[in-house]
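Trainee: Can you read through this structure? Questions will come right after.
The values are calculated or read from the model by the stated rules, or taken from the named source; none is laboratory data. Computed from a predicted structure; not experimentally measured. Cβ sites come from the backbone with ideal geometry, for glycine too, and all protein chains shown count toward neighbours.
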Amino acid sequence: MAMKMPTEYKLVAEHVGIEYRVKRTGEYLQAVRDVSLQIKPQEFVCIVGPSGCGKSTFLNAVAGLLPFNKGHLILDGIKISGPGKDRAVVFQSPALLPWRTVVGNVKYGLELRGTDAAVMEEKSMAMIKLVGLGGNEHKYPNELSGGMQQRVNLARALASDPELLLLDEPFSALDAQTREVMQNELLRIWQETKKTAMFITHQIDEAVFLADRVIVLSKGPGSVVAADLEIKLPRPRNEATKADPEFLAKVAEIRELILNEKK
Amino acid sequence: MAMKMPTEYKLVAEHVGIEYRVKRTGEYLQAVRDVSLQIKPQEFVCIVGPSGCGKSTFLNAVAGLLPFNKGHLILDGIKISGPGKDRAVVFQSPALLPWRTVVGNVKYGLELRGTDAAVMEEKSMAMIKLVGLGGNEHKYPNELSGGMQQRVNLARALASDPELLLLDEPFSALDAQTREVMQNELLRIWQETKKTAMFITHQIDEAVFLADRVIVLSKGPGSVVAADLEIKLPRPRNEATKADPEFLAKVAEIRELILNEKK
Amino acid sequence: GCGNGGSGASSGTEVAASAEASGTNSGNAQTEEAAASRELTEVTVAMTASGIAYGPMYLAQEQDIWAKYGLKVNLVSLDVAAITAGLITGQVPIAFSGANVVDAAVKSDKVKIGGTIGSVPYMLYAKGVGSLEDLKGKVVGASAPGGNNEYAMITLLQSIGLAPGKDVEVLYVGASILPTISEGKVAAGLLVPPMSFQAEKMGLTNLATLSDIEGIQGTYMVGGVHQPFAEKNPQVIENFFKAYKEASLLTQTEKEATLDALEKWTKVTDREALDGAYEYFKSHWPTEFQVPESEIEFLLNQLAATTNPDAKNVKAADIIDNSYADAVE
Amino acid sequence: MNTSQKAAEVTGIDLSSFPKRQWNRFYYSNERFILGASGVVFLLALWELIVRVNLVDPLFTSSPARIWTAGIQYVSSEGFVNDFIASGSELLAGFGLALVIGIPLGIVMGWYPKFNYLVDPIFNFLYASPRIALVPLFIIWFGIGMGSKVAIIFLSSIFPIVFNTLMGVKTIDPVLLNVPRSYNAKDYQIFKTVVLPSSVPAIISGVRLGLGHALIGVVVGEMTAATMGVGHMMFTAGQTFQTDLVFVGLIIIAGFGVILTSLVQLLERHFDKWRVDIHK
Amino acid sequence: MNTSQKAAEVTGIDLSSFPKRQWNRFYYSNERFILGASGVVFLLALWELIVRVNLVDPLFTSSPARIWTAGIQYVSSEGFVNDFIASGSELLAGFGLALVIGIPLGIVMGWYPKFNYLVDPIFNFLYASPRIALVPLFIIWFGIGMGSKVAIIFLSSIFPIVFNTLMGVKTIDPVLLNVPRSYNAKDYQIFKTVVLPSSVPAIISGVRLGLGHALIGVVVGEMTAATMGVGHMMFTAGQTFQTDLVFVGLIIIAGFGVILTSLVQLLERHFDKWRVDIHK
Ligand SMILES: Nc1ncnc2c1ncn2[C@@H]1O[C@H](COP(=O)(O)OP(=O)(O)OP(=O)(O)O)[C@@H](O)[C@H]1O
Ligand SMILES: Nc1ncnc2c1ncn2[C@@H]1O[C@H](COP(=O)(O)OP(=O)(O)OP(=O)(O)O)[C@@H](O)[C@H]1O
Ligand SMILES: [Mg+2]
Ligand SMILES: [Mg+2]
């Protein structure tokens, strides 16, 4: 293993291409064609883009779950060659273990790291409260609503306290109110614990509200980076931010970008 | 079977209560406590409410998939005692048959009704195009992105051409652009084919944009109807509608309602 | 060359340990004897299946007559093929079966024929067949290939001028000879008590008693010994036969004890049938153990003609060792 | 006529129509047992009846009453305890070994495709070969003592355990594997937390099937070489066509099997308590 | 030193490092076959070697070369064709019947809980009972002809098929049932479109296990009251200790079994082509 050395960037993607082998035909589908981006330590980056453009694919490659066939993906100065304990993923489909209760699922990440039982219990209970699922600790996933499952998924990733948080549409099944609460909690945790975050969303306003930078991917499959916009809104952000003219301008700009991209 | 008789309403829910038996404890969880509502033929009704309040539960009961322990659910003047060919459901989790390709899944509903093969092929191909999945006909569900799966789910329900469409957050995994296209297509189909629609969503603007009436459920479990608002915006609606002051007022009103509900 | 005599003897001893456990539980064995067992030589003796023909063996086991002769016998019932294998490898130093013992002696010079514990007094029962000659064109049942039952049937058929396989077909039906006759699946078969009593009850006709017919062969229960073991412990084999003789004599006087032993080992609980079987077999339990050379010759010929062509090159005298049987007298 | 009246006319899935009377209550909470017991009782009665009216010969088919008599006699005989202990310990040793080796082997075969490619043809062949014909050889390889029986039971029961475990592993929902993999979990952690729990039904079915093989193995093993054991008793009784006694042995062994199966099913119910019923 | 240079130093999962050379190409596209064949060849060579250096007695273990000689002789004898046809048709009839009855029965047992409650104890008992001890009775019940053998094969192989199908049905993802149910599909439609496809791996594993039982059933059935068949030949050879010939029979039967298993696996691969590989 190459030595870990300090770099300016937490994550560097250089001309990354990712393909799927389609078992049925034996052919390869280039899901991501050429994505280059850099994420600084403690930066919050949002990725938006049309459905099926390769956002989840890219995120999974960063998580180390998918190999890439082109370019380089470098995390903390070391090429990504598989998953690592420094990352935690909130998957698009909740992927809860159906035989574990809510608390069992939230614990899971910590358990795999061999965390002390008492700490584990405490941390996961706190996270369950945080995502608004207090009182549901001992339910099984199939006894939860869609939005509740997604929050368990989020709690699991947050509980394991990673350096790099990879979130794939974590709030898509939440109502407006819950979503707002979650957004604020996520920002608070991110700021307090100095994490780096990569966040996929379809809500442009959500992206602008959360991010330091919003990256727009082009239509897929075979997507490239269509735009990379810095969001200079002051932090901490709150409901007032959403009325800020700069906020609204950025949202409109990105919407325009995506609309043009589609044509 | 009681004779089917014309009524003023397509669907009537009278003090409906729905409970789940929790296998683990043997106890019952009252997911929906007391929901009363009426839907007129060819009406488009949206249901909003906090995550876990019982929206999907109620929709599944209307679909005939869940029994209810209180009140009455009457469809076309006949008590609902099970599923029927007059309804089609877009489930919250896509529920695609993993061993069928996109076209196989879209066909599925028609197939179960014994539709002629040629008609089936034609209809499903058209629906796949409509949801923007042309070219993906022969992919398996696990080769699709989250948003693409959701669109297949939608196409399946639309293809089977029911009288009552039950949609559970069908657009939650779609990007803004695709979502707009789908909203417009849905409205077009609904109007042209004179269907009745019950639509669950978390996007308040989406609810107001689509609906003749928006029903707000209270916090669950054990939800009741918190509000039932008529949306008098003219039809056909389009992007311009979203700038209409009445539109914005309704959105704000509902947001306020939900926020208060939560407290 | 395969496994050596030493390992054969030792595995025979190993198994005897389990016999010790069962011996303690069986009625007659006293606990003091278990203490004295250190002086006894343990030996595994195998037989095929269980039947009244082994009467003295059971009695010797129950009354522990072996102990008087310094033996501790571990009696096992083995499959025909397992006996062949056990004799050759030495896992079973002494075994009683039919042609397969001769086969083992042909296949390996480690096996010799050391005696017999008598011939099985078969009776032929039939349904819907008037006389022996009427068997022509019919199917008869035999238990298993190469067993006493089959060879007895073959010589019986030959003695009345019928060619087995041509004039009469022989079908292996395992333990189901009686029911297959009574249900009309086969025309006839060889039985011994207590099955023969059931046959009588069912109205089957007894066409022949083999011990009354001249020239019937293949009915002897041939005893094989593992030669390396026998060479090392000739006394054990000799003593085995001596004990057997004593048990055999005892069966003539100790009817009740014999019946108890029979019931225990054959699982036949019908006392009446056992009684009949006892009376019938009584005179057939031997006190002399020499194998007739003609019998072995016959079996060699049968083997040569069927499954083991090498049997042609073997002379009966070369594989028989009647010295142990001779020593009994 | 209002809608609620109309509704009352239609029989539906309304839970308020759920049976209220005492017997029904009792029935519903014991449905499984009541139905199961009635099936068994019905069959036994039919059997006894057929024999009583002389439709078949009890010599060949025995009858529940005759089996009962013979059973009481056998169970109270001194031989029974020895037989039972002998057969039981062979079964536990052979089947236990099959479990301890079979489940991990199945997991490893399912998880590491190369290993599977290497051994699959051999396993296929071994499984397809009628090992029963080799039983005499077992006596040479493993001795006439307990060894050969344990080996026979082991070799009879390991295959369904391995094959079903393998199948369970191969059909894991790959989505579930993403989570431990994203945490860079070790293989053994994945086995413990995902592979095993998700393969429970397949493994349990394999264990249940393996148990059946093992019980047959007891009889086959004791048929070939034994001095005691329930299987040996059955074999001896079969030689003298004591059908009643054969059935007694059969019922003892099968009864033991049913008890073990029930334990296994309890275990399954414990592990699968999260599962939603597919029945309406 | 820039990041891309650094990256090159680390061996990773970069697909560009995929083997390029001819042999590697060939190996990867035939990996399954190559590994499988080497396993088999290795075992055979080891066997022959052990016998050649006199570590074991060929009388008991035979050897590949001896089996080959005996095999050639047997296959070219006139008896072989008759034996093969006899055993083959028994197998096809018995196993075919088990398939045709077992799969629907398993589905029905899995789908209708009441039916399952009713028959489950009986099935448990029948499966746990060592049916091999009843073989003599089969001759009486089903005759000495093909009937008793077909019955034995049928009763040997139906249980794994039923139990595994049942397990497959019980573990269907209930979410998938929502769709046909919401369309008010008939039970038979649900069986066809959801239950069967989703139970494919479990059923196939059951069929594979049942096939193994069936092959043993051929030998057991032909052990008693048969005049021909490969199993009969093996049994006779086994009783007279012709080990080479026993192995010839074993290999013919197992070979036949492996071919049928491969067909079944092909079928599985066909039905499971949508499945994502769980392996990294
Ligand atoms: N396992 C797979 N095999 C083959 N193709 C796949 C696979 N997974 C995804 N794809 C294809 O790759 C492309 C990108 O998929 P991805 O899931 O990354 O999209 P996405 O941007 O996350 O979309 P969404 O917003 O809908 O979740 C799609 O065209 C999809 O069909
Ligand atoms: N199978 C089940 N067993 C027990 N409880 C359940 C089951 N399904 C749902 N629930 C409970 O019922 C309540 C309502 O669930 P439902 O899925 O209807 O919510 P929802 O309004 O659709 O939420 P969301 O917006 O998150 O999808 C929740 O509290 C949930 O925990
Ligand atoms: Mg995605
Ligand atoms: Mg829902």
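Trainee: Only one residue in A:A240, A:A207 is within 29 Å of B:V216 (Cα to Cα), in a helix (DSSP H, G or I), of a type in the set (A, V, I, L, M, F, W, C) and within 16 Å of ligand 1 (Cβ to nearest atom). Which one?
Mentor: Going through A:A240, A:A207 in turn, the sole match is A:A207.
Trainee: In region C:152-174, which residues are among the small types (G, A, S) and either buried (at least 22 other Cβ atoms within 10 Å of the Cβ) or farther than 26 Å from C:I296 by Cα (or both)?
Mentor: C:A152, the sole residue that qualifies.
Trainee: Do any helices (runs of 4 or more DSSP H) lying entirely in region C:152-245 carry at least 3 residues that are of a type in the set (A, V, I, L, M, F, W, C), and which ones are they?
Mentor: C:177-182, C:195-201
Trainee: Sticking with this one: Considering only region C:292-314, how many residues are closer than 16 Å to C:S97 by Cα and of a type in the set (V, I, T)?
Mentor: Residues flagged as closer than 16 Å to C:S97 by Cα and of a type in the set (V, I, T) within region C:292-314 amount to 1.
Trainee: Could you grab me the full set of residues in region D:124-133 that are surrounded by 20 or more Cβ atoms within 10 Å (Cβ to Cβ) and more than 7 Å from chain E (Cβ to nearest Cβ)?
Mentor: D:R131
Trainee: Output the residues belonging to region E:20-79 that are surrounded by fewer than 11 Cβ atoms within 10 Å (Cβ to Cβ) and over 30 Å from E:F241 (Cα atoms).
Mentor: E:K20, E:R21, E:Q22, E:W23, E:S29
Trainee: Sort out which residues of region C:87-109 are assigned to a loop (DSSP other than H, G, I, E, B), under 15 Å from C:S77 (Cβ atoms) and more than 8 Å from every other protein chain (Cβ to nearest Cβ), and write them in order of number.
Mentor: Matches in region C:87-109: C:G98 only.
Trainee: Further question: Can you report the number of residues in region A:139-153 which are within 8 Å of chain B (Cβ to nearest Cβ), in a helix (DSSP H, G or I) and near ligand 2 (Cβ under 6 Å from one of its atoms)?
Mentor: 4
Trainee: Given (1) surrounded by 21 or more Cβ atoms within 10 Å (Cβ to Cβ); (2) under 19 Å from the mean Cα position of the chain (by Cα); (3) under 23 Å from D:T236 (Cα atoms), identify the lone condition not met by C:A243.
Mentor: Going through the list (1) surrounded by 21 or more Cβ atoms within 10 Å (Cβ to Cβ); (2) under 19 Å from the mean Cα position of the chain (by Cα); (3) under 23 Å from D:T236 (Cα atoms), C:A243 breaks only (3).
Trainee: If I ask for residues that are of a type in the set (S, T, Y) and modelled with pLDDT of 90 or more, which ones from region B:23-44 would you list?
Mentor: Within region B:23-44, B:S36 is the sole residue that qualifies.
Trainee: Still on this model: For region A:35-84, name all the residues that are under 11 Å from A:I215 (Cβ atoms) and within 16 Å of ligand 1 (Cβ to nearest atom).
Mentor: Result: A:V35, A:L37, A:V45, A:C46, A:I47, A:V48, A:G49, A:K55, A:F58.
Trainee: Here's a follow-up. Give the residue that is farthest from the other protein chains (Cβ to nearest Cβ), with candidates limited to residues of region D:26-58 that are in contact with an Asp or Glu (Cβ under 9 Å, 6 or more places away or on another chain) and of a type outside the set (V, I, T).
Mentor: Residue satisfying both the conditions and the ranking: D:P58.
Trainee: Return the residues of region A:158-203 that are part of a strand (DSSP E or B) and within 16 Å of ligand 1 (Cβ to nearest atom); say none if nothing qualifies.
Mentor: A:L166, A:L167, A:D168, A:M198, A:F199, A:I200
Trainee: Right, next: Which numbered condition trips up A:K123, out of (1) within 13 Å of chain B (Cβ to nearest Cβ); (2) part of a helix (DSSP H, G or I)?
Mentor: So A:K123 meets the others, but not (1).
Trainee: With respect to A:V32, determine if the residue is outside any loop (DSSP other than H, G, I, E, B), β-branched (V, I, T) and within 13 Å of chain B (Cβ to nearest Cβ).
Mentor: yes
Trainee: Another question about this same structure. Can you tell me which residue among B:N136, B:N69, B:N105 is touching a residue at least 24 places away in the same chain (Cβ under 8 Å) and facing another protein chain (nearest Cβ under 7 Å)?
Mentor: B:N69
Trainee: Hey, another quick one. Looking only at region E:101-115, decide whether some residue is under 20 Å from the mean Cα position of the chain (by Cα), more than 9 Å from every other protein chain (Cβ to nearest Cβ), surrounded by fewer than 24 Cβ atoms within 10 Å (Cβ to Cβ) and without any contact (Cβ under 8 Å) to a residue 12 or more places away in the chain.
Mentor: Yes, because at least one residue in region E:101-115 is under 20 Å from the mean Cα position of the chain (by Cα), more than 9 Å from every other protein chain (Cβ to nearest Cβ), surrounded by fewer than 24 Cβ atoms within 10 Å (Cβ to Cβ) and without any contact (Cβ under 8 Å) to a residue 12 or more places away in the chain.
Trainee: For B:G64, only one of the following conditions fails: (1) out of contact with any Pro (no Cβ under 6 Å at 6 or more places or on another chain); (2) in a loop (DSSP other than H, G, I, E, B); (3) not hydroxyl-bearing (S, T, Y). What is its number?
Mentor: Evaluating B:G64 over (1) out of contact with any Pro (no Cβ under 6 Å at 6 or more places or on another chain); (2) in a loop (DSSP other than H, G, I, E, B); (3) not hydroxyl-bearing (S, T, Y) leaves (1) as the failure.
Trainee: Now for a different question. Name the residue, out of C:A104, C:A95, C:A126, that is aliphatic (A, V, I, L, M), within 28 Å of C:P193 (Cβ to Cβ) and either under 16 Å from the mean Cα position of the chain (by Cα) or buried (at least 24 other Cβ atoms within 10 Å of the Cβ) (or both).
Mentor: C:A95
Trainee: Return a yes/no flag: does region A:142-165 have any residue that is of a type in the set (K, R) and away from ligand 4 (no atom under 16 Å from the Cβ).
Mentor: yes
Trainee: So, one more: Can you tell me which residue within region A:85-96, out of those that are farther than 24 Å from A:E8 by Cβ and more than 7 Å from every other protein chain (Cβ to nearest Cβ), is farthest from ligand 1 (Cβ to nearest atom)?
Mentor: A:L96
A quick yes/no check of all residues on (1) crowded, with 17+ Cβ neighbours inside 10 Å; (2) charged (D, E, K, R):
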site	(1), (2)
C:E256	no, yes
C:L259	yes, no
C:K264	yes, yes
C:E272	no, yes
C:E279	no, yes
C:K282	no, yes
C:W285	yes, no
C:I296	yes, no
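Trainee: Within region A:154-177, can you find the residues that are within 12 Å of ligand 2 (Cβ to nearest atom) and within 18 Å of the chain's Cα centre (by Cα)?
Mentor: Result: A:F171, A:S172, A:A173, A:L174.
Trainee: A further question on this structure: Is it the case, given these coordinates, that D:F138 is within 17 Å of the chain's Cα centre (by Cα), buried (at least 19 other Cβ atoms within 10 Å of the Cβ) and among the hydrophobic types (A, V, I, L, M, F, W, C)?
Mentor: Spelling it out, it is not the case that D:F138 is within 17 Å of the chain's Cα centre (by Cα), buried (at least 19 other Cβ atoms within 10 Å of the Cβ) and among the hydrophobic types (A, V, I, L, M, F, W, C).
Trainee: Now for a different question. Within region B:190-201, identify whether any single residue is away from ligand 3 (no atom under 16 Å from the Cβ) and within 14 Å of chain A (Cβ to nearest Cβ), and answer yes or no.
Mentor: Within region B:190-201, one or more residues are away from ligand 3 (no atom under 16 Å from the Cβ) and within 14 Å of chain A (Cβ to nearest Cβ).
Trainee: Being under 21 Å from D:A254 (Cβ atoms) and of a type in the set (S, T, N, Q) is the filter; apply it to region E:149-169 and report the residue that is nearest to the other protein chains (Cβ to nearest Cβ).
Mentor: Once the filter is applied, the top-ranked residue is E:N164.
Trainee: Is it the case that region B:239-256 has a residue that's crowded, with 18+ Cβ neighbours inside 10 Å, closer than 21 Å to A:L174 by Cβ and touching a residue at least 60 places away in the same chain (Cβ under 8 Å)?
Mentor: yes
Trainee: Applying the selection to region B:68-109, what residues are in a loop (DSSP other than H, G, I, E, B) and over 18 Å from the mean Cα position of the chain (by Cα)?
Mentor: B:F68, B:N69, B:G77, B:S81, B:L97, B:P98, B:W99, B:R100, B:T101, listed by residue number.
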